[in-house]
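Everything below concerns the one structure shown next.
What follows is calculated from the coordinates using simple rules that are stated; it is not laboratory data. These numbers were taken from a predicted model, which means no experiment stands behind them. In this analysis, Cβ positions are derived from the backbone assuming ideal geometry, glycine residues included, and neighbour counts consider all displayed protein chains.
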């Protein structure tokens, strides 16, 4: 019998974390599954999650929240023999989208209780952060920095902040070394990704796979004004095709020096100004509960 620990972030963007408990109870009963539900508040998240795991001894932990909550739970269990599930309750649910998990939390629960699992890679950044999904430097990180202070949540909040970027071309130099490749590029954004889709559904890395032992560095060079409108449209159409000013490099390790320092984010969480990022792949580091086991 599976034992599942549900960790719900009460401050998640959709506000549904407080309402999903009855659906967990119902579906757990249907699947004859033992479960425990805990809610994250203002306590020390790391200590709370580890205490709950030690007390309940689950076979899987489900992160109820957005990409930031999933990242936090992954960090706590990546060295344990536990599977990680996602209940998409956040403003951005890119990793759930990548794994084919429905946006509707009730439908997502059905995927969780089916308990299909696959190992995926993680990224380690500056020996400090882990990344399951996407990190970036520059434009999008500025959007996230402002978004975190906004009252408007969800895609409308992101769209509002992207509108503020229209016409801005804050350029910086990216000095990249990746698996023997060296490049110096003037950029407006650099994306470090183990996946294909942003949480909005925009596909910035069509060839990305979360279990191939590689990650991609996507360099976005200064672009014509119309591209920002095109990128904004992709938030709603869920498509972002390659353009001449986008360059994609696959690698296992990379060092990116940034001049001048730029805003950065990891899995949807703002991580401050940085002038250097070192990144390496951690192959098959964590087991995910997923609909699709093919890649």
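Cβ-Cβ distance of residue 59 and residue 126, R₀ of 22 Å, FRET efficiency by 1/(1 + (r/R0)^6): the value works out to about 0.10. Legend: ranking of residues 34, 75 from fewest to most surrounding C-beta atoms inside 10 Å; resulting order 34, 75. Taking other C-beta atoms within 10 Å as the exposure proxy, 5, 229, 176, 282 rank 229, 282, 176, 5 from fewest upward.
For the pair residue 10 and residue 117, the difference between a 0.36 nm per residue extended length and the Cα-Cα distance amounts to 35.9 nm.
The mean of 1/r over all pairs of different alpha-carbon atoms in the stretch 3-115, once inverted, gives a Kirkwood hydrodynamic radius of 13.7 Å.
Its relative contact order, with pairs defined as Cα atoms under 8 Å and 6+ residues apart, puts the stretch 3-84 at 43 percent.
Arranged from fewest to most other beta-carbon atoms within 10 Å of their beta carbon, 189, 1, 78, 95 become 1, 78, 189, 95.
Computed from the alpha carbon positions, the gyration tensor of the stretch 11-68 leads to an equivalent ellipsoid with semi-axes of 20, 17, 9 Å, biggest first.
With a Förster radius of 41 Å applied to the C-beta separation of residue 51 and residue 275, the computed FRET efficiency comes to 0.65. Once the Cβ-Cβ distance of residue 177 and residue 78 is raised to the sixth power relative to R0 = 35 Å, the FRET efficiency obtained is 0.85. Net length available on complete extension from residue 104 to residue 26 is 26.5 nm, with 0.36 nm assigned per residue and the Cα-Cα distance removed. Subtracting the Cα-Cα distance of residue 227 and residue 249 from their residue separation scaled by 0.36 nm leaves 5.8 nm.
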